[in-house]
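A short write-up of the structure that comes next.
Only the coordinates and a few stated rules stand behind these numbers; no lab work does. All figures in this text were calculated on a predicted structure; none of them were measured in a lab. Glycine also receives a Cβ, built like all others from the backbone with ideal geometry; neighbour counts cover every protein chain displayed.
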Amino acid sequence: MDTLIQELEQTAKGEQQLQHGKKEDAARPHRKSSMRLWIAGSLLAVVAVGAATYLHFRGRVSTDDAQVDAHIAPIAARISGSIAEVLAADNETVKAGQVLLRIDPRDYQAKVAQARGSLAAAESQAVGARAGVPLTTATTASGTAAAEAQFAAAAADSERASADFQRASSSEVAYARADVDAKRATADRARADLARMEALVQKDEIPRQQYDSYLAASRVAESDLIASQQKLANTEKQAESSKAALQAAQARVNAARAALDQAQANRQQVSISSAQAGTASAAILQARANLQAAELELSYTTIIAPIDGVVTRKSVQLGQIVQPGQALLTVVPLKDVWVTANFKETQLAHVRPGQRAEVSVDTYGQAFEGRVDSIAGATGTRLSLLPPENATGNYVKIVQRIPVKIALENVPAGFTFRPGMNVDATIFTR
């Protein structure tokens, strides 16, 4: 009985399977048609998505290697001193020209006062030096004129003495000597006549009266000769005196010439006085420059904000001793900012200044309008502290990145861009 029941069940199952197989054979063409439609639709969807993606990204380049940038102003001490006042706190908003710090100014005020005193002294010396120039000019001119007059007088005396000496030593002496010779000849003839007359008078050939006349004539001739000789001697003495006078006159000429040379040399004092006046004027300029330098250092005791911004990294405290060049704080501008986007060199073939851009800031999660301002002249690695050395055997070609400056436009109120914030930048090249 059990066996019969099992056979009946197997027979029923076989009939059911046979009927199910017939149904599957009938439904198989319909399933194949549906599969083909699904595959075709999927392919069309993929093509549509690909086309849409291509159309969307065509004419644009993007990078996530971009940050907000700005002209950050580091504030450093330009002089040494003690901090007397700290008027700005960390993260405080300041305006350009606002006082941030004050260094104790007393040392620099003393330097300014000292420089002003030096300037006043230099000006006084310059006044005296300038006043001495005309005085020296007048004095030396007067001395020179007097020396020239004395020299002219001495020269005239010398010429007169020379003329007297020439006259005394030549014509007068010659005349006196000629007169002596003439009187000697007359005296010799008178003596000879007297000698002849003396022989005749002794013989009584002539009268005594005639002899006496010859004797008188001889004595007169002797007297004239003596007088002529004395006159010659006096003339020679006068010639010697004229010579001495000439020598004295020449000595006075030499002294006058020396005095004139000295007076002319004293004229150089005018140049010296002028040079001293110039030196005094230069001293005024130097003292004025020292005063300006001292006042400039005094102005450095008040440290002001160069731009509008926010105080950051304040590292100075009240009473701290600072040195020139020491960093005190930093002023970060929040208005004048831009985006520096580092694009791959393969992305910049069609990028030009003026093209529209779009930046998405991570902080706000939304995009803002921008425009390409400029493109850097070199890659970031070339401008780094240690540029890569490609002329080696370990060279590996790496796509370089070039900074692109993107200026922000139409930023809504209430959004603040802080330098260093990460952004995604997109440039529309078409």
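Restriction of the chymotrypsin sites (Phe, Trp or Tyr not before Pro) in the range 358-430 to DSSP coil positions whose beta-carbon has at most 11 other beta-carbons within 10 angstrom yields 395. The local environment of residue 288, defined by Cβ-Cβ distances under 13 Å, has a net charge of -1 under the rule Lys, Arg +1 and Asp, Glu -1. The residues neighbouring residue 256, those whose beta-carbon lies less than 11 Å from its own, together hold a net charge of -1 under the Lys/Arg +1, Asp/Glu -1 convention. Considering only alpha-carbon pairs that sit under 8 angstrom and 6 or more positions apart, the relative contact order computed for the range 346-430 is 43 percent.
Rounded to the nearest Hz, the phi-derived 3J(HN,Hα) couplings of the range 205-213 under the Karplus curve 6.51 cos²θ - 1.76 cosθ + 1.60 (θ = phi - 60°) are 7, 10, x, 5, 5, 5, 5, 4, 5, where x marks glycine and proline.
Net charge of the neighbourhood of residue 311, taken over other residues with C-beta under 10 Å away and scored Lys/Arg +1, Asp/Glu -1, is 0. Here's how it looks for residue 381: its modeled amide H is under 5 Å from those of 401, which are all 5 or more places away or on a different chain.
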